[in-house]
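Working notes, structure below.
The values are calculated or read from the model by the stated rules, or taken from the named source; none is laboratory data. As the structure is a computational prediction, the values presented were derived from the model and not from experiment. Note that each Cβ is placed from the backbone with ideal geometry, even for glycine, and that neighbours are counted across all protein chains shown. We work out accessible area using only protein heavy atoms, side chains counted, and drop any ligands, DNA or RNA first. Shrake-Rupley method; radii C 1.70, N 1.55, O 1.52, S 1.80 Å.
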Amino acid sequence: QVQLVESGGGLVQPGGSLRLSCAASGFTFMINTMAWSRQAPGKQRELVAGITSSGGPNYADSVKGRFTISRDNAKKTVYLQMNSLKPEDTAVYYCNVGIGHNTYWGQGNQVTVSS
């Protein structure tokens, strides 16, 4: 079955950096677009960044120039490098993939940006 296991979240001060990782299994990783989404308290879940099978990235306007999504097909892992973090980046971050008519989500990883 599809499994997405995230790691790398935590507490960081404003202006700091974190890198999230998502290890995938149970599907053909290299042919699928992968994405990171986030959900802040009291807000709807939003797409943060996506990366196609060929490595083409796209980003939400709110994170452009600060976040970088990448993938390692040999390791079946997708990453989200987050720099210049702001308090408004505080959220639970989810790795996700769409396969057929279904969307699969990881368990979520808390990122807190606070001094």
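Numbers for the structure displayed
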item: The one condition in (1) of a type in the set (A, V, I, L, M); (2) in a loop (DSSP other than H, G, I, E, B); (3) within 19 Å of residue 9 (Cα to Cα) that residue 74 fails to fulfil; result: (3)
item: Tally, over the range 75-95, of residues that are within 14 Å of residue 21 (Cα to Cα) and surrounded by fewer than 13 Cβ atoms within 10 Å (Cβ to Cβ); result: 1
item: Output for the range 1-24, where each listed residue is farther than 16 Å from residue 108 by Cβ and either open to solvent by less than 50 Å² (accessible area, probe 1.4 Å) or hydroxyl-bearing (Ser, Thr, Tyr) (or both); result: 12, 16, 17
item: Breaking point among (1) modelled with pLDDT under 95; (2) surrounded by 13 or more Cβ atoms within 10 Å (Cβ to Cβ); (3) more than 15 Å from the chain's Cα centre (by Cα), for residue 98; result: (3)
item: Any hit, the range 46-69, residues being open to solvent by 60 Å² or more (accessible area, probe 1.4 Å), part of a loop (DSSP other than H, G, I, E, B) and touching a residue at least 40 places away in the same chain (Cβ under 8 Å); result: no
item: Close pairs (6 angstrom Cβ cut-off, 6 or more residues apart or separate chains): closer than 23 Å to residue 88 by Cα in the range 30-41, at pLDDT 95 or above and surrounded by fewer than 17 Cβ atoms within 10 Å (Cβ to Cβ) anywhere; result: 37/45; 37/47; 39/45
item: Pair list, Cβ under 7 Å, 6 or more apart: the range 83-109 residue farther than 21 Å from residue 42 by Cβ, other residue part of a strand (DSSP E or B) and of a type in the set (D, E, K, R); result: 95/6; 106/6
item: Residues being open to solvent by 40 Å² or more (accessible area, probe 1.4 Å) and either small (Gly, Ala, Ser) or part of a strand (DSSP E or B) (or both) - total across the range 25-37; result: 2
item: Selection count, the range 8-42, where residues are modelled with pLDDT of 95 or more and either farther than 17 Å from residue 77 by Cβ or under 10 Å from the mean Cα position of the chain (by Cα) (or both); result: 19
